[in-house]
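Chemist: Questions regarding the structure given below will be posed in turn.
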Amino acid sequence: MRKSLIAIIILLATAVSLASSRSGQKPDTHDKARYYYLEALRRQVEGKEAEAYELYKKAYGIDRSYTEAQSAVGSKRLMMATDSFQSARQLARSLSMMTPFVEKYPGDFFESAYYAYLAAHLDTLIEAIRIYERTDSLFPTKTATLYNLSEAYMANHDLNNAVEALNRYERVEGKSPEISLRKITFFIQAQDTASALKETKDLVDYGPHDPRFRILRGNVFSALSMPDSALQCYLDAESVAPDFGGAKLALAAFYKESGDSVNYDTKTYEALLSEDFDVEQKSSLLAQYLQILINDKSATSRGDYLFSVLREQYPHEPAVLDLAARYSAAKHDLPGAIEQIGYAIDLSPESEDFWGQLMSYQLADDKPQEAVRTFDRAVAHITPSEGLKLLLAQAASMGKDYDRAAATYDDLLKTIAPSLSATDSLSDHGILNKLDYEELMKASDLYGMLGDMFFSAGKKDLAFTSYRNALKFAPDNNLVMNNYAYFLSEDNGDLDLAYDMSKKAVDANPDNPTYLDTLAWILFKQGKYDDALTYQRAAVEKSIENEDISPELYSHLGDILFHCAQPQEALDAWKKALELSPDDTLLKKKVRQKQYFPSNE
């Protein structure tokens, strides 16, 4: 029944109730209760749940024999359980308020089914089973009851009745992999593997030409660590239905698990050619395959070949172009990623995800000005989100358009609170008590990014103001403390403050190479060379483990080693840094003259 029709019926019923009360007779208790009950129904249809609940309670309070109102109150109480954190006893009380109605009207199938469902989920399994059994006896053709009854039996550790309920279900609806799977699950839970395998054989015998049944049997063999039997089932499924994509997928998964990359490629390729799957399913399948290649650092030529299959099938599908862009980016082919996502944008300019991807690829390819132009193009088609604006701020900062970056950060801050400013110290400290945790962290992160941007722009006073603002919103923001500490040391600022912040960040993140490098550099500036060397070696080791070593780490290591009277080791470190950054003139000078020179010379 449509919601609008329900509303009309309720309004008519209410009108009749009001008409009778205006006839000059004083309404009795039940009439008053009925009035409030019908009004509650109307409020519920209008989506005013809280008001409906109060009116149901009022109706039940007036007439304690009004089972409809009593049941509605109990049902609403249960619906509010997660909001009001009712105890188990209170939940049981709510359910018990619904009991008189289902006892009074056992023929109300939907109300009984709902009541039994609630009883089962409140662990009152005996009550759920009682109602399901009664409903089944009254409505023997409604097989949904049998399915729910089987679940309740099994939860009550009654395997035989659980299976029998599903057998009766099948006698009405016929065999199906879904119901057989439930029985198999029950058998496996009961550690009855023989019955589980027999169920799969019965299913195959029932439908010998249905490949799904053979695949299910193979899955059970696989779960029981019987791979040879599982493979034979999958091959049989493919044999009875050579064009069925599900069999190709089952075989691909089997070959993947067994490490047979050749057959895995073959079956994935055949699945991509299958007409059983749409473009989204094929894209998902290929994405999983490509991710394996990327993670394993396998030869991506295998993926390129399979990708060509999908591209030929769907040359103008945005989802495929999106996947092509992501794959190119994963292979570090940023120009290719930019080209592919550009085609996707041409086909679907209303997708903000595509615009964000394009900006991200352009930033990764060190083309910040192009990323800014992409944002300006995007706003003609979409209303940019905060995430896209943040990409704009980062692009403008990288492109040295510091005014636009600051203006964008200012705009983002004002979405948190209108009084926040990108350039001023926090003056309204009361605002800290008005923001939730997520807003506090967002403000802290934005001010931290502002600090980095202002320092790059040479506006050190504004940078340090931003960092201080950031730490007012989140005093334990480790990234802000690290960056603030590092730039303080670079500016020959308060090294004691820098050390305290850096040490706190390292203590919270002892495996972060960037934080370790900052602490080592501050100790170096303080003249504590031995301590600095300990942390710097740890920073280099962690970076090597992460396969993300930067030339700055080796450069700092060389500087510290030189001051620890280890000139040859220092030279070796500077040479490694120069290999990673061959155009660094200061590193060239250090290597050439085998001598330390500060960065300001």
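Chemist: Return one number: the angle in degrees, 0 to 90 and rounded to the nearest 10, between the long axis of the Cα atoms of helix 318-330 and the longest principal axis of the Cα atoms of the chain.
Modeler: 40
Chemist: For LYS104, list the lysines whose Cα falls under 25 Å from its own Cα; do not include residues on the same chain fewer than 8 positions away.
Modeler: Here the lysines satisfying the reach criterion relative to LYS104 are LYS32, LYS57, LYS58, LYS76, LYS142.
Chemist: Taking a ≥ b ≥ c as the square roots of the eigenvalues of the Cα gyration tensor of the range 371-466, is the shape rounded (a/c under 1.5), prolate (a/b larger than b/c) or oblate?
Modeler: Oblate.
Chemist: Now for a different question. Can you give me the relative contact order of the range 393-460 as a percent, contacts being Cα pairs under 8 Å and 6 or more apart?
Modeler: 31
Chemist: Now, a different point. May I ask you to give the average projected area over all directions of the convex hull of the Cα atoms of the range 409-549, in nm² rounded to one decimal?
Modeler: Answer in nm², one decimal: 8.8.
Chemist: Which order do peptides 536-543, 60-67, 171-178, 186-193 fall in by mean Cβ count within 10 Å, highest first?
Modeler: So the peptides 536-543, 60-67, 171-178, 186-193, ranked by packing, come out 536-543, 60-67, 186-193, 171-178.
Chemist: While we're on this one: Is it possible to state the helix-based mean residue ellipticity at 222 nm for the chain, with each DSSP H run of 4+ residues giving -39500 (n - 2.57), the sum divided by total residues, to the nearest 500 deg cm²/dmol? What is it?
Modeler: Helix contribution divided over all residues of the chain: -24500 deg cm²/dmol.
Chemist: Using a Förster radius of 56 Å, what is the FRET efficiency between ASP507 and TYR305 based on their Cβ-Cβ separation? Nearest 0.05, please.
Modeler: 0.65
Chemist: Could you tell me how far the Cα centroid of the range 25-60 sits from the Cα centroid of the range 421-476, in Å?
Modeler: Cα centres, the range 421-476 to the range 25-60: 52 Å.
Chemist: Can you order the peptides 316-322, 72-78 by their average number of other Cβ atoms within 10 Å per residue, highest first?
Modeler: The packing order, highest mean first, is 72-78, 316-322.
Chemist: Considering only protein heavy atoms and a 1.4 Å probe, what is the carbon-and-sulfur percentage of the accessible area of the chain?
Modeler: 51
Chemist: Another question, then. Explain nothing, just compute: Karplus ³J(HN,Hα) = 6.51 cos²θ - 1.76 cosθ + 1.60, θ = phi - 60°, for every residue of the range 512-518 in order, whole Hz, x for Gly and Pro.
Modeler: Ordered by residue, 3J(HN,Hα) equals 8, x, 5, 5, 5, 4, 4 Hz.
Chemist: On to the next question. To the nearest 0.05, how large is the calculated FRET efficiency for GLN593 and LYS331 if R₀ is 45 Å and r is the Cβ-Cβ distance?
Modeler: Step by step, r from the Cβ atoms, then E = 0.65.
Chemist: Ranked highest first by average number of other Cβ atoms within 10 Å, how do 110-120, 378-388, 327-337, 219-229 line up?
Modeler: 110-120, 327-337, 219-229, 378-388
Chemist: Contact order normalised by length for the chain, with contacts defined as Cα pairs under 8 Å and 6 or more residues apart; what percent is it?
Modeler: 3
Chemist: In the range 140-163, whose amide N lies under 20 Å from the spot 7 Å out along Cα-to-Cβ of ASP192? List them in ranges.
Modeler: 146-163
Chemist: Rounded, prolate or oblate: which one fits the range 505-563, using the alpha carbon gyration tensor with axes a ≥ b ≥ c (rounded when a/c is under 1.5, else prolate when a/b beats b/c, else oblate)?
Modeler: Oblate, because a/c is 1.5 or more while a/b does not exceed b/c.
Chemist: What lysines sit close enough to LYS472 to cross-link, taking a C-alpha to C-alpha distance under 25 Å and skipping anything fewer than 8 places away on the same chain?
Modeler: The reachable lysines, counting only those whose Cα sits under 25 Å from LYS472, are LYS389, LYS414, LYS434, LYS442, LYS459, LYS460, LYS503, LYS504.
Chemist: For the range 141-201 and the range 340-416, compute the distance between their C-alpha centroids and round to whole Å.
Modeler: Going from one Cα centre to the other spans 54 Å.
Chemist: Averaging over every viewing direction, what projected area does the convex hull of the Cα atoms of the chain cover, in nm²?
Modeler: One quarter of the hull surface, i.e. the mean projection, equals 39.7 nm².
Chemist: Provide the net charge surrounding TYR56, with neighbours chosen by a C-beta distance below 14 Å and charges set as Lys +1, Arg +1, Asp -1, Glu -1.
Modeler: Taking every other residue near TYR56 into account, the sum is +4.
Chemist: If you look at just the Cα atoms of the range 171-224, how large are its Rg and its Dmax in Å?
Modeler: 10.4, 30
Chemist: Taking Cα pairs under 8 Å and at least six residues apart, what relative contact order does the range 502-601 come out at, in percent?
Modeler: Over the range 502-601, the number comes to 18 percent.
Chemist: Step through the residues of the range 479-489 one at a time and calculate ³J(HN,Hα) from phi using the Karplus curve (6.51 cos²θ - 1.76 cosθ + 1.60, θ = phi - 60°), rounding each to whole Hz and writing x for Gly and Pro.
Modeler: Using θ = phi - 60°, the values come out as 5, 5, 4, 4, 5, 4, 4, 5, 5, 4, 5 Hz.
The values are calculated or read from the model by the stated rules, or taken from the named source; none is laboratory data. Since the model is a prediction, treat every value here as computed from it, not as a measurement. Here Cβ is always computed from backbone atoms with ideal geometry, including for glycine, and neighbour counts include all displayed protein chains. Each accessible area value is taken on the protein alone, full model and side chains, heavy atoms only, with ligands, DNA and RNA left out. Shrake-Rupley method; radii C 1.70, N 1.55, O 1.52, S 1.80 Å.
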